[in-house]
Structures are given as structure tokens and as C-alpha cells.
């Protein structure tokens, strides 16, 4: 297809082998086609013009808003964390196919075009809000295909290290690095409900209301029962006072203090004799009122005595749940999955890569990473067959998205010939079948 014929490369360990490079016909990201199929069925990117304003004008605009959004999101889902690879990806067959018809006929956007789109067009105040609203609409589309009677919201902060002079970056003593300190909100299905980029020096719970309140209002308008979990950073009176009038059940880790330790001192005495191999576990609950609280609240505690350890492991949870202490602790421990989802965003998509100088441009990139994460996660939780439904996002990326393929063009057809390694034909067909089932009948 118009490529130059170049001399093959030879390998010395086996002289029969020759290497040929066909960049415009070979792709290593053919699995993006399944993500594009899901996106089309859910109607995700077609909503972008509703929430995002096109600020470019004139006759020289060659790449429209929706194709550029696709290129920004799909490149991140495939593991290309910034626009440095856009020039090469512009002629990648899989990227051209998912971006749109014009990209297939010519090519996708260049590095300069994509970079200007992200740092100028999307970085306006209105479009920053629009990216967040677009993400919310995506989640609503996925939740419309998800059976649920309640929603558990998990909030946590994370670290995004920086290595330059980015606006808003600061040294954080807890992480012991110069960083941003973003705040994330997930539902218990693993969808990222929202993300807020913050300076590196703020408290872990800073501006929690900006992230939590929109999700609470949205779900309560639909009559969905809500629960909330958070670590000790969110053990603040204003958090309790926000949740309680809205009848939101919560379990939040409470930092230990002398008063709390005194209430469970009867459980802190080591039993006589040789300790058993299995840990000795005690549960207890009581009412407690800190000096800054306007009323007593329920506290549950778990005391673990482990063989070979001099002191017990003690944890306190403040809660308004009526469940027994053991049930509250079991419910709270589920928030560990939120930490795992943040790690998946870090290691699969590298969403800590926020290398723009301007703060608002880095906020745009964080939002684009969240969209990429959610698209990949929707595919994982809605479409993977039972044999592989335990794949992490990293496994999905390496085994499915990073699938080799060769494009063959005919007069009326464009065929992708795919490699069968981790995902054979029958498995890929099962994924497409599950995607097809997600189509909702009109009305």
C-alpha cells in the first residue's frame, strides 16, 4: 500500500530467519477494536460534543472533536501515557480504525495537533467541567447495564510524583516526594466516579465535598441506597455531618488515641500460656464522643493477637451502621479494593504521568486517564467471559489490547488478521457477543 520496499534484517542465531517491518499494515494494539465496539454500543464518545465546546475555528481544522477525544483516550488505554507517541500511532492501523473513517483514509492526528487539543481546547474551565460530566454520563450508561440495589462509594487519595517545575506541585512529607496529591472516588463495581487534581501539600481529605457531593446527589435523585467507606483521613466531623442527614451508612477508620485505648484495655492483655498458631481475634463495639463531635457515635474495634508479636494489632472504625462489629469490619475491609483500582490506574495506564507545566493541563490529562480507565474497566466487568473475568486491567491490556494484527484492504472490506496467543478466536468472539447483548432497546 504505497510502502517502500526495504531490505530484510538477518539474525545470526538462525540464518533462515528474516525480519520485515510493515508499520502501516501491522499493529500491536488490535485489541482496541473490542474496546471501540463497546464504546459504540454504549454510545460513549458520541456524547462528547454535548459536554465539550469546540473552541477552534477556521477552515484548517482537519480533525474533529470526537476523533481527537478517541485518539487521546484509546492511546492511554493502550499504554501510551502522553502525546509523544502520537506521530507513530497516527499511522497505526488499529488506532486509525478506532479513531474514525477519516483516520482510516488518511491518518490520525499528529503529536502537535493532539497536544494542542489537550492543553488548549480541553483546558478551558468549561471543558474541564465537561470532561467530568462526560465521565459521569459514561458511568450512568454502564450502570444502566448493571444490576444493583445499592452503591458503595470509596474515597481515597494518591500520589503523582513530578520531576520538573509543574504548577501546584509541592513536597509531601507523607510520600516523601515532590508530587501532586489527587483525590479519587470509586463505586464498588470499580468505576472511577471522579478525580480531582490537587497540590502536593494538601491534606488527604482536602476538598472531599467537591468530589463526593455530586455523586451522592446523582444517585439519591434516582432513589439508590448509598454507603460510604474511607480511611482515617476522612474521620472528620464535617464528613459525618454530611452523611448522616442524607441517611448514608458509613464506616471510616478512626485514628487511635488514649481514650479509645482505655475503652478496649480489657482486650489488650495477653492470654497466659503458649499462643496458638492462628491469631486470636476479638471484636468490640461502644459509643464514643470526641471533643470536636456534636454527639456520641458508634465505634467498633478489632484486636488481633498474632503469635510472635509482642503487642496486638488494634483498629477502630466509626460507623452509623446497625450491623454487628464483625460485619462492620468486614464491610470496611472491602475498601481495600479501591486502593487496588488506584494501583491499576498507576501501573496499567501510568495515570501519574502528569508532565505538563500548567496545572489545568495536568487536570485535563488526569481526566483523560480516568476516561481511559473506565472504558477498559467497563470492558472487563461487563464483557469478559467467565474464563477470564478475573483479569486485572494490566492483564487486559497485555493479553487483549496488545494483540498483534495485520490489516488487509479489499475494495469493499477491511480485514484485520489477528494473532491467536492469549486470546484465541472463540474467546474474542465471546467478548463481542457479550458486547452485543449490552444494546438496550429504544425506550
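No value in this document is a laboratory result; all are computed from the given coordinates. Predicted model, so just to flag it, every value in this text is computed and none were measured. So basically every Cβ, Gly included, is an ideal-geometry build from the backbone, and we count neighbours across all protein chains shown.
A few notes on this one:
- Annotation for the stretch 11-72 versus the stretch 195-224: alpha-carbon center distance of 32 Å.
- Rounded to the nearest 10 degrees, the angle from helix 336-348 to the longest Cα principal axis of the chain is 30 degrees.
- Estimated distance in nm for a label pair at residue 91 and residue 18, the labels positioned 7 Å out from Cα along Cα-to-Cβ: 2.1
- Global form of the stretch 106-245, assessed from the alpha-carbon gyration tensor, a/c cut-off 1.5: oblate
- Seen against the Cα atoms of the chain and their longest principal axis, helix 125-143 is set at about 80 degrees.
- The stretch 290-443: relative contact order as a whole-number percent, Cα under 8 Å and 6+ apart: 13
- Length released on extending from residue 144 to residue 439, taking residue separation times 0.36 nm less the Cα-Cα span: 105.1 nm
- Hydrodynamic radius of the stretch 329-428 by the Kirkwood approach over all distinct alpha-carbon pairs: 16.1 Å.
- Note on 191, 390: ascending count of other Cβ atoms within 10 Å places them as 390, 191, the fewest first.
- Fewest-first ranking of 147, 76, 307, 221, using other Cβ atoms within 10 Å as the exposure measure: 147, 221, 307, 76
- Averaging the sequence gap over all C-alpha pairs within less than 8 Å and six or more residues apart, then dividing by the number of residues, gives the chain a relative contact order of 19 percent.
- Relative contact order [Cα under 8 Å, 6+ residues apart], the stretch 248-334, whole percent: 35
- Ranking of 104, 403 by count of other Cβ atoms within 10 Å, fewest first: 104, 403
- The stretch 248-334, Cα convex hull volume normalised per residue, Å³: 105
- Counting all C-alpha pairs of the stretch 45-87, share separated by more than 13 Å (%): 60
- Between residue 387 and residue 261, the distance separating the two model label sites (each 7 Å from Cα on the Cα→Cβ line) works out to 5.6 nm.
- Peptide packing for 200-210, 38-48, 358-368 was compared via the average number of neighbouring C-beta atoms within 10 Å per residue; ordered from the highest value, the list is 358-368, 38-48, 200-210.
- Largest first, the three principal axis extents of the alpha carbons in the chain are 81, 56, 51 Å in whole numbers.
- CD proxy at 222 nm, helix term only [per DSSP H run n ≥ 4: -39500 (n - 2.57); per residue of the chain; nearest 500]: -10500 deg cm²/dmol
- Taking the convex hull of Cα positions in the stretch 283-351, its mean projected area over all directions (nm²): 7.6
- The stretch 258-311 versus the stretch 403-443: alpha-carbon centroid distance in Å: 55
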